[in-house]
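> First the structure, then my questions, so here it is.
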Amino acid sequence: MTTLTRGPEAVTLPAPAPAGRGRGRAVTIALFLLPALVLFLLLVVAPILVAGYASAFKWNGFGGLPTDFVGLDNFTRLFSSDIFATDLAHLAVLVLFSVVIQLPFSLAVAMLLNQRIRGRAVYRLVFFAPYVLSEVITGVLFSLILAPDGGMANQFLSVFGLESEFLADPDTVMPALFLVMTWKYFGFHMMIYLAGRQGIPNELIEAAQIDGATPWETFRHVTLPLLGPTIRISVFLSVIYTIQLFDLVWILTGGGPSHSSETMAVTMMEFGFKRSQVGYANAISVVMFVLSLVFALVYQRAVMRRDLEGATTSMGGRR
Amino acid sequence: MKRGLILMATAVLVAGCGSGGNDGSGAQPGSSQQGQKPAKVTLEWWHLSTSEPLKSLWAQRAKDFEAAHPNVTIKATVLENDAYKAKLTTITQSGKAPDVFVTWGGGVLQQQIDAGLVKDVSGDVAPVLDTFTPAALSAYQFDGKTYGLPTDIGLVGFWYNKKLFAKAGISAPPATWTEFLGDVKKLKASGVTPIALAGKEKWPGHYYWAYLAMRIAGLPALQQAGVDHDFTKPDFVAAGQQVKALADLQPFQKGFLGAGYGTPDGQAATISNGKAAIELMGQWAPAVQKDAGKGLGDDLGFFPFPAVEGGKGAIGDAFGGGNGLSVGADAPPEAVEFVKFMTQMDQHTKAVEAGGVLPVLKGEENAVKDANLKQVATLLAGASGYQLYLDQAYPPAVGQQVNDSVAELIAGTKTPEQIGQDISEVAKSE
């Protein structure tokens, strides 16, 4: 919308447009906006409002609208629940791992594949391929690979006497889960970094090299700063994904053993669809929504401010 | 980038938007009103018999029914246990029910009935009601009304590998819990994994606690606890302690906390391939074992859950359940016909003969061919009391809490006292 009002035609139009034509223009805009707006209201805004409404009720999901109003009870119950506390802890761990291990790893691979090496197109394809697989297929695949008895991973590790129960052991389930997440998503982040790296003019790199910078110094002081916007958006995507993490966990562990790999979305599924406590599940979804929203806003304002100059969060440049 | 989140929010919300208004019946073109040519009808039929012999048998029954009623097309949706329960919950919360669906009866069916989703078939089935055994029928009757007809009834007990028992030097199945724990130790000493358990799915684990609670506290006390919402009494804690005593022997297969039930490396397959000696499971165990692995053949034996010394429960009290077919509130009349067709003597007996289900009709007992299943049928016929699976008997939230809590107890993250409190807390809030 901002681009519309600030677009060139807005500037070049004769200042006082005839009243009739202006109304015609408004009608045209409204007509073009309508389908998208209806879809947005129906599929985005309405569900959010209904979720907020339903989260204030004790409701099993059956029979019309909820009637048993409980105010903020669902939320107090949620915030005092051990399971929800573990969900948050798991979120923190996974975000930390993603940012500290997965993304730097993706970055390193991207930098390697930016070199002139034989068959780099093949490598790029192979590393990106897991991202194209559906989460369910990934989950089934890895539950076979990581099977404690006779799974591929253990057959390989047994050569070194290093067998593990992976997903079946509360102590190893989170690292194993993170491994699968990384396998699936590092290729995606690698692609983003590659694209970002290719947007950096080679002259800058060459200039640094002529000035006598070592490869590390070139990376540290030229490539990395110029990749800043790319890295910031990749961290953003990674965190938002982790807040909503569901399919992979559901297939691999179902949140177990005894809640040791449960995420908020898994808890929501458990309560909404297995226990028929839809009001409570809605409270969880509201918390997830607020968490994502707050993170998105704060992050965009604080970290991505310069990257998003002129976009919606800065109110069309009027600051 | 927020699409995932929105999808998720909608997922929960779809449940809300559906409402109980039920104008969805338009999906079925007009049901056959009196006389003339009956209109074309499609019956949605949901069941969970994913393994042989029932898988083929049920498909054949549907074809037979279509042949006898040319205006009817039966569309079957067949899902594995956990997926079936989740999908049924989702659709019922949206205010609809399949035309014909498999149910376990109990608290879950009750909740669906309260929501007005299940047809009261009392009138339609009155002529055939007498042909069923009362035990098989009881789970589908509430306040004198009938909401479904049974296709199967059985009980949970121990299925064991005779060869592995012999290897461990065990001559006879244990009659008491102490003997059972002793046998577990003997099996372990002989290098055999004593018990297979599907820790990921939770429901198989709850059988141990439920049976121990029945044996120690007694059936009336367990049923009273469901009414009082109090599972903290010493007898229930004692049941938890016995589960813990068993788990402390580390009797389960490697990686059992991540194991499924019917999956290629799950509980059934572990028994079927001779990698563990015992599983606690219902009457369908032999069928699923055959489907998931090599099968044990004549090496498979059965013994009832042993008595606990000093316990108040009778050894004859049985724990288990069956399956029945219920009809959606908006289903066409043909749906009820189909349910009756499925449970007719000549039709149903074929399933009993194939070893897929146990008798639900009077006089069907002789059709049971398998020696183990015969033992189950005999135990059932002589049962002094009967308790439906706790995760079906109680409302869903309480049932799932029992499953969760027992899983935590077995994994060692909660104590017997804590799980009693956890279950009571959820039961009180329902």
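> Note down the relative contact order for chain A as a percent, whole number, built from C-alpha pairs under 8 angstrom at least six residues apart. All intermediate terms of the calculation are to be shown ahead of the outcome.
Working: 309 pairs, mean separation 81.3, N = 319.
Over chain A, the number comes to 25 percent.
> Considering only Cα-Cα distances, which of the following residue pairs are longer than 32 Å: B:Lys369/B:Lys414; B:Lys119/B:Lys362; B:Lys55/B:Lys185; B:Lys294/B:Lys362? Write down the numbers at each step before the final one.
Details: B:Lys369/B:Lys414 43 Å; B:Lys119/B:Lys362 25 Å; B:Lys55/B:Lys185 38 Å; B:Lys294/B:Lys362 34 Å.
Too far apart for the 32 Å limit: B:Lys369/B:Lys414; B:Lys55/B:Lys185; B:Lys294/B:Lys362.
> What's the magnitude of the charge dipole for the protein assembly as shown around its Cα centre, counting Lys and Arg as +1 and Asp and Glu as -1 at the beta-carbon? Answer in Debye, nearest 20. Present the calculation step by step, with values, prior to reporting the outcome.
On the way: 57 positive and 63 negative charges, 493 e Å.
The calculated dipole for the protein assembly as shown is roughly 2360 debye.
> Setting aside same-chain residues fewer than 8 positions from B:Lys145, which aspartates and glutamates have a Cα under 15 Å from its Cα?
B:Asp114, B:Asp120, B:Asp124, B:Asp130
> Once you charge only the Cβ atoms, +1 for Lys and Arg and -1 for Asp and Glu, what is the size of the charge dipole of chain B about its Cα centre, to the nearest 20 debye? Could you put the intermediate results ahead of the total?
On the way: 36 positive and 43 negative charges, 222 e Å.
In debye, rounded to 20, chain B gives about 1060.
> Now for a separate question. Once the dipole of the protein assembly as shown is set up with Lys and Arg at +1 and Asp and Glu at -1 on Cβ about the Cα centre, which of B:Val184, B:Ala329, B:Gly148 lies farthest towards its positive end?
Towards the positive end, the residue furthest out is B:Ala329.
> Further question: Across peptide A:264-275, what mean number of C-beta atoms from other chains lies inside 10 Å of a residue's C-beta? Present the calculation step by step, with values, prior to reporting the outcome.
Working: counts 1, 4, 0, 0, 4, 4, 2, 4, 8, 11, 12, 11.
Taking all residues of A:264-275 together, the mean is 5.
> Give the shape of segment A:21-131 as rounded, prolate or oblate, defined through the alpha-carbon gyration tensor: a ≥ b ≥ c are the square roots of its eigenvalues, a/c under 1.5 means rounded, and otherwise the shape is prolate if a/b is larger than b/c and oblate if not.
Numbers: a/c = 3.42, a/b = 1.29, b/c = 2.66.
In terms of gyration-tensor shape, oblate.
> Placing +1 on the Cβ of each Lys and Arg and -1 on the Cβ of each Asp and Glu in chain B, which of B:Val352, B:Pro204, B:Gln392 has its Cα farthest towards the positive end of the resulting dipole?
B:Pro204
> Mind checking which of B:Gly385, B:Gly412, B:Gly311 has the largest fluctuation in a GNM of chain B, springs on alpha carbons under 10 Å?
Of B:Gly385, B:Gly412, B:Gly311, the most mobile in the Gaussian network model is B:Gly412.
> For segment A:169-319, rounded, prolate or oblate, judged on the Cα gyration tensor with a ≥ b ≥ c (square roots of eigenvalues), a/c < 1.5 rounded, else prolate if a/b > b/c? Don't jump to the answer; show the numbers that get you there.
On the way: a/c = 3.94, a/b = 1.71, b/c = 2.30.
Oblate shape, in that a/c is at least 1.5 and b/c is the bigger or equal ratio.
> Residue by residue through B:247-260, how many Cβ atoms from other chains fall within 10 Å of the Cβ on average? Working shown, then result.
Working: counts 0, 0, 0, 0, 0, 0, 3, 8, 14, 5, 12, 17, 5, 2.
Across the residues of B:247-260, the mean count of other-chain Cβ atoms within 10 Å is 5.
> Still on this structure, I have one more. For A:Leu43 and A:Asp68, calculate 0.36 nm times their separation in residues minus their Cα-Cα distance, and state this gained length in nm to one decimal. Can you show the working numbers first?
Numbers: separation 25, 0.36 × 25 = 9.00 nm, distance 2.57 nm.
Using 0.36 nm per residue and subtracting the Cα-Cα distance, I get 6.4 nm.
> Scan chain A and note any complete DSSP helix (H) whose C-alpha atoms cover at least 24 Å along its axis and whose Kyte-Doolittle average is -1.0 or more.
Working: long enough: A:19-40 (30 Å, 1.26); A:173-198 (37 Å, 0.85); A:224-244 (30 Å, 1.36); A:278-302 (35 Å, 1.59).
Both cut-offs are met by A:19-40, A:173-198, A:224-244, A:278-302.
> Where a Cα-Cα gap under 18 Å defines reach, which aspartates and glutamates qualify for B:Lys186, not counting those fewer than 8 residues away within the same chain?
Partners within reach: B:Asp248, B:Glu279.
> Enumerate the amide H contacts of B:Trp46 below 5 Å, restricted to partners 5 or more residues apart or on another chain; note that Pro and chain-start residues carry no placed amide H.
For B:Trp46, the qualifying residues are B:Thr77, B:Val100, B:Phe101, B:Val102.
> Answer with one residue from A:Val45, B:Ala307, A:Tyr299: the one whose Cα lies farthest towards the positive end of the charge dipole of the protein assembly as shown, charges on Cβ with Lys, Arg +1 and Asp, Glu -1.
A:Tyr299
> Further, regarding this structure: Antiparallel DSSP bridges in the protein assembly as shown: what percent, to the nearest 5? Kindly include the intermediate steps, with their values, before the conclusion.
Values: 22 of 39 bridges.
Taking every DSSP beta bridge within the protein assembly as shown, about 55 percent pair in antiparallel fashion.
> Rounded to the nearest 500 deg cm²/dmol, what is the calculated helix-only ellipticity per residue at 222 nm for the protein assembly as shown, with -39500 (n - 2.57) per DSSP H run of length n ≥ 4?
Result for the protein assembly as shown, helices only: -16000 deg cm²/dmol.
> Then there is this: For B:Lys87, go through the aspartates and glutamates and keep the ones whose alpha-carbon is under 17 Å away, minus same-chain ones fewer than eight residues off.
Partners within reach: A:Asp247, A:Glu270, B:Glu44, B:Asp99, B:Glu201, B:Asp391.
> Rank A:Asp247, A:Asp171, A:Asp149 by mean-square fluctuation in a GNM of chain A with C-alpha springs under 10 angstrom and give only the top-ranked residue.
Sorting by GNM fluctuation, first place goes to A:Asp149.
> Just to be sure I understand the rule: take each whole DSSP H helix in chain B, project its Cα atoms onto its long axis, keep it if the span is 24 Å or more and its mean Kyte-Doolittle hydropathy is at least 0.0. Which ones pass?
none
> Shape verdict for segment A:81-157, please, from the Cα gyration tensor: rounded (a/c under 1.5), prolate (a/b greater than b/c) or oblate.
oblate
> If you take every residue apart from B:Tyr394 with its C-beta less than 12 Å away from the C-beta of B:Tyr394, what net charge results, scoring Lys and Arg +1 and Asp and Glu -1?
Working: positive: A:Arg275; negative: B:Asp391, B:Glu430.
Spelling it out: positives minus negatives among the neighbours equals -1.
> What number, in percent, do you get for the relative contact order of chain B if the mean sequence gap of Cα pairs under 8 Å and at least 6 apart is divided by its residue count?
Relative CO of chain B lands at 24 percent.
> Here's something else I'd like to know. Please identify, among A:Leu224, A:Leu42, A:Leu146, the residue showing maximal mean-square fluctuation in a Gaussian network model of chain A using a 10 angstrom Cα cutoff.
A:Leu42
> Give me the distance between the Cα centres of segment B:296-374 and segment B:67-116, rounded to whole Å.
So the separation of the two Cα centres works out to 19 Å.
> Using a Debye calculation, one point per C-alpha and no hydration shell, please list log10 I(q)/I(0) for segment A:107-253 at q = 0.12, 0.17 Å⁻¹ in order.
-0.65, -1.01
> How big is chain A along each principal axis, measuring the range of its Cα positions in Å and listing the largest first?
Principal-axis extents of chain A (Cα, largest first): 82, 73, 30 Å.
Here, each number is a calculation from the coordinates, and none is a lab measurement. Predicted model only: the values in this text are computed from it and were never measured. Every residue, glycine among them, receives a Cβ derived from its backbone with ideal geometry; neighbour counts consider all protein chains shown.
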